[in-house]
Amino acid sequence: MCNYIQFKSSSVWRPSAGENAEQEYNSPIDKFAVKVIKNSETVGLLPQEFSQVQYLGFDNSLVHGFISDDGVFEGKIHVGDDEYFVESAKQYLKDIPHDFHSVIYESQNVHYPHAYSTGCGVNDATKRWMDEVKRSAVKGKVIEMPHHSQFEPFHYRYRRATGSVDDTKLSCTLKMRADHLFTEFMAGSNKERAMLIMANHVKAANAIYKDTVFGPGNKAEGIQFQIQRMSANTSSDAQRTDNPYRDSNIGVEKLLELNSEEDHDDVCLAYIFTYRDFTGGVLGLAWVGEAGNAAGGICEKGTVFRDGKKKNLNTGVVTFINYGKQVSQKVSQITFAHETGHNFGSPHDSSAECAPGGSSGNYIMFAKATSGDKRNNRLFSPCSRTSMNNVMDVKGRCTDRKCCFVAAAESICGNMVVEEGEECDCGYDDDESCRQDHCCQGRPSSTKSDRNNANGCKLRPGKTCSGVNATCPPPVPKSNFTECNDGRQVCLSGECSGSICLKYGLSECQCKEEERQCLLCCMGTEGICQPTGKIIPAMKDKNIEQFPGAPCNDFNGYCDVFLKCRAVDADGPLSRLKNKFFSKEAILGYLEWIKHYWWAVALMGVGLIILMGGFIKVCSVHTPSSNPNKKPARQLTLRRPPQGRNPRNPRSRQPQGNQEIRGSPRSGGYREDPPPYPGAPMEMHRARR
């Protein structure tokens with residue numbers, strides 16, 4: 001049965017290159033319709049039934065995505081070498097009124113301002129941290145060897161697997177998780193939408209991996225990802241103390257480590273999607289697989305490390321915000337493919353052959369973030385394919401125990417993705433209706449007359465079926481200007497997106513006074529920016545505080561958890577000193593100054609020689625020498641005053657009469673004070689000539 005998708009013409013908004021979607025859209029806007037054809041018959045789609053189809057009229061085409069709860073298609077269209085992305089207009093036009101629901105743009109028409117930022121978090125410092133963690137793995141028991149310390153674990157090396165990759169088992173199973181920030185900002189606090197976005201990214205990665213030939217003689221052509229488990233946290237999970245991802249101020253390395261501390265032995269890879277603006281423009285981080293004895297990468301089982309924790313190093317992290325702006329699907333999908341490439345064993349491309357640049361662009365594993373519109377941006381370089389082939393030669397082959405990859409299944413019950421043969425898939429949640437049967441198979445509806453039917457499907461509270469459509473409609477949105485987000489914002493068209501200032505006819509601004517920079521301020525009709533407690537009478541002098549991470553000081557800083565505005569320092573003090581004194585311009589300035597003031601340089605050289613000579617002359621009298629003809633070296637100790645001249649020292653008193661001194665040679669006693677001892681005056685005789 002062939003599936004096709006047909007787009008009825010449309011003039012949908014197509015942003016031009018460099019166009020800012022949040023500021024203007026002057027292109028013609030028309031409506032468009034999506035029609036799916038099965039066996040020459042037009043059919044409708046339920047929100048979670050759509051996975052991937054073919055674009056009508058093109059053989060070399062692919063369309064993958066989903067139909068959201070409001071009946072809008074979101075996904076990606078491959079037509080030959082061209083790519084088109086369809087996204088919800090609300091993602092880009094949150095505060096701008098619009099009468100259309102979708103945005104369609106071509107890959108090459110997107111201007112990514114941070115195309116050469118850090119992108120991937122695997123840099124030199126992170127690599128050293130990863131290597132240190134890998135070396136701390138304790139494999140088996142600690143064995144004492146004659147040439148090993150008893151505190152140093154002896155690592156077993158992997159035995160190279162025999163045989164070849166089973167070409168019937170080419171699926172890498174995934175465990176996908178969305179933290180509460182991803183669900184809140186990317187999916188509007190809708191768990192189902194968050195999981196649909198993750199599933200769409202897996203489809204995009206499959207489109208890249210399925211045609212990749214990793215090496216000569218390798219049967220692993222057609223590697224695919226298949227979701228085995230998927231979950232999405234919500235804002236309520238952020239309040240749970242047993243949730244390790246509840247803190248919003250977690251760095252990328254710590255987030256990767258927290259993901260690794262969970263049990264992922266039953267999957268090939270485990271990823272967490274988040275919405276955290278990591279330092280340095282990092283979009284993702286993953287453990288790099290190796291063919292040697294180091295841990296990490298695809299199918300890595302749980303290992304106990306020296307810190308006593310069991311970790312699975314088959315994990316990765318992807319974020320969807322960069323420098324305060326949400327990244328497009330094009331960038332996030334390339335980032336996900338990049339990080340999984342690390343898991344498969346590919347380092348960053350560094351050689352000229354594998355990082356050519358130019359009109360064709362760099363490959364997926366380029367160290368910096370790429371724009372994604374060049375031909376090579378969706379391909380693995382020859383260097384990457386060789387490294388990934390070596391890792392799959394070791395970890396991808398079947399051993400006596402288990403295979404790394406599994407056979408592709410038509411459907412997996414419990415992954416929360418509605419697949420072939422399933423009417424629903426509620427995953428492994430603790431919902432009462434899902435405990436007995438994870439995948440519903442036409443169970444009868446529950447009514448008031450059959451309350452004893454425990455297996456009957458039940459409607460979720462807060463929603464009402466229309467009786468015409470099979471899909472359950474979303475709840476009616478709250479009225480505009482309803483306060484939300486702890487009173488900081490108001491609802492607009494069902495979204496918590498407007499500032500609280502709008503409710504009172506004001507506009508939000510940033511106070512300039514240092515003590516007010518992290519307070520929510522509004523601009524009045526007089527043009528004065530004041531805190532909410534001062535300008536809004538209903539607040540009764542109660543100011544609203546900004547949340548941590550909010551911009552302040554005219555977007556030159558951000559508020560911390562202590563409500564202090566911290567200035568943004570992109571370079572750091574050490575980098576500034578280096579650029580000031582050791583940059584190319586500084587060195588050229590030094591050379592120019594030397595040419596102009598050569599006589600001053602000569603005087604400084606002569607003065608330095610004289611200074612060093614004087615220093616050596618002065619210090620030479622205190623330098624010991626083994627030459628017997630030289631004078632003994634002078635001591636640097638301080639001189640003590642004679643004890644007989646110190647009237648305050650009772651030990652300096654001279655004996656009277658025949659009184660002997662205790663400890664003197666005549667008394668034979670022990671004297672506690674150090675020599676010289678006072679005694680009878682010595683007679684000096686002049687030698688006879």
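The values are calculated or read from the model by the stated rules, or taken from the named source; none is laboratory data. Just so we're clear, the structure is a prediction, and the values are computed from it rather than from any experiment. When we count neighbours, we look across all protein chains shown, and the Cβ atoms used for this are built from the backbone with ideal geometry, even at glycine.
What do you reckon, is A337 within 28 Å of D82 (Cβ to Cβ) and out of contact with any Gly (no Cβ under 8 Å at 6 or more places or on another chain)?
Considered against the rule, which asks whether it is within 28 Å of D82 (Cβ to Cβ) and out of contact with any Gly (no Cβ under 8 Å at 6 or more places or on another chain), A337 comes out as yes.
Please go through the range 591-600 and give me each residue that is surrounded by 11 or more Cβ atoms within 10 Å (Cβ to Cβ) and in a helix (DSSP H, G or I), ordered by number.
Within the range 591-600, W593, I594, A600 meet the criteria.
Taking the conditions exactly as written (surrounded by fewer than 13 Cβ atoms within 10 Å (Cβ to Cβ) and either assigned to a loop (DSSP other than H, G, I, E, B) or among the hydroxyl-bearing types (S, T, Y) (or both)), does F555 satisfy them or not? Show your work before the answer.
Numbers: surrounded by fewer than 13 Cβ atoms within 10 Å (Cβ to Cβ): yes; either assigned to a loop (DSSP other than H, G, I, E, B) or among the hydroxyl-bearing types (S, T, Y) (or both): yes.
Answer is yes for this residue.
Of everything in the range 222-236 that's of a type outside the set (A, V, I, L, M) and closer than 12 Å to C172 by Cα, which residue is farthest from the chain's Cα centre (by Cα)?
If we take residues in the range 222-236 being of a type outside the set (A, V, I, L, M) and closer than 12 Å to C172 by Cα, then G222 is farthest from the chain's Cα centre (by Cα).
Need the failing condition index for I227 against (1) surrounded by fewer than 18 Cβ atoms within 10 Å (Cβ to Cβ); (2) under 26 Å from S346 (Cα atoms); (3) at pLDDT 90 or above; (4) β-branched (V, I, T), just the number.
Going through (1) surrounded by fewer than 18 Cβ atoms within 10 Å (Cβ to Cβ); (2) under 26 Å from S346 (Cα atoms); (3) at pLDDT 90 or above; (4) β-branched (V, I, T) one by one, I227 breaks only (1).
Would you say F278 is among the aromatic types (F, W, Y) and at pLDDT below 95?
So F278 fits the description; yes.
Hey, any hits in the range 364-371 for a residue that's at pLDDT 80 or above and not in a loop (DSSP other than H, G, I, E, B)?
The answer is yes; a qualifying residue exists.
Can you say whether R193 is more than 20 Å from the chain's Cα centre (by Cα), modelled with pLDDT of 85 or more and not acidic (D, E), as far as the supplied structure shows? Working first, answer last.
Details: more than 20 Å from the chain's Cα centre (by Cα): yes; modelled with pLDDT of 85 or more: yes; not acidic (D, E): yes.
In short, yes.
Could you list all residues from the range 251-270 that are assigned to a loop (DSSP other than H, G, I, E, B) and buried (at least 20 other Cβ atoms within 10 Å of the Cβ)?
Let us first name the residues in the range 251-270 that are assigned to a loop (DSSP other than H, G, I, E, B), namely 251, 261-268.
Across the range 251-270, the qualifying residues are H264, V267, C268.
Give R516, R488 a once-over and let me know the one that is farther than 27 Å from S235 by Cα and in contact (Cβ under 8 Å) with a residue 12 or more places away in the chain.
Going through R516, R488 in turn, just one is farther than 27 Å from S235 by Cα and in contact (Cβ under 8 Å) with a residue 12 or more places away in the chain: R516.
Just for the range 510-541: of the residues that are closer than 30 Å to V476 by Cβ and part of a loop (DSSP other than H, G, I, E, B), which one is modelled with the highest pLDDT?
Taking the candidates together, the pick is L520.
Can you name the residue in the range 296-329 that is over 19 Å from the mean Cα position of the chain (by Cα), at pLDDT below 90 and of a type in the set (K, R) and is also surrounded by the most Cβ atoms within 10 Å (Cβ to Cβ) among such residues?
K301
Can you find, within the range 281-295, the residue that is surrounded by the fewest Cβ atoms within 10 Å (Cβ to Cβ) among those that are over 15 Å from K254 (Cβ atoms) and out of contact with any helix residue (DSSP H, G or I) (no Cβ under 6 Å at 6 or more places or on another chain)?
Start the filter on the range 281-295 by keeping residues that are over 15 Å from K254 (Cβ atoms), which leaves 281, 283, 288-295.
From the residues that got through so far, the ones that are out of contact with any helix residue (DSSP H, G or I) (no Cβ under 6 Å at 6 or more places or on another chain) too are 281, 290, 292-293.
Details: G281: 17, E290: 21, G292: 10, N293: 13.
Per the criteria, the residue is G292.
Which of (1) surrounded by 10 or more Cβ atoms within 10 Å (Cβ to Cβ); (2) touching a residue at least 24 places away in the same chain (Cβ under 8 Å); (3) in contact with a helix residue (DSSP H, G or I) (Cβ under 8 Å, 6 or more places away or on another chain) does A538 not meet, given it meets every other one?
(1)
Just checking, how many residues over the range 210-260 are among the β-branched types (V, I, T) and without any contact (Cβ under 8 Å) to a residue 12 or more places away in the chain?
Qualifying residue count for the region: 1.
Of the residues S248, S346, S332, which single one is of a type in the set (S, T, N, Q), surrounded by fewer than 21 Cβ atoms within 10 Å (Cβ to Cβ) and not in a strand (DSSP E or B)?
That would be S248, the only listed residue that is of a type in the set (S, T, N, Q), surrounded by fewer than 21 Cβ atoms within 10 Å (Cβ to Cβ) and not in a strand (DSSP E or B).
Please indicate, with yes or no, whether at least one residue in the range 603-612 is hydrophobic (A, V, I, L, M, F, W, C) and either in contact with a Cys (Cβ under 8 Å, 6 or more places away or on another chain) or more than 30 Å from A633 (Cα to Cα) (or both).
yes
Within the range 588-600, is even one residue modelled with pLDDT of 55 or more and touching a helix residue (DSSP H, G or I) at 6+ places or on another chain (Cβ under 7 Å)?
yes
For residues that are part of a loop (DSSP other than H, G, I, E, B) and touching a strand residue (DSSP E or B) at 6+ places or on another chain (Cβ under 7 Å), scanning just the range 480-509, find the one that is surrounded by the most Cβ atoms within 10 Å (Cβ to Cβ).
Top of the filtered list is L506.
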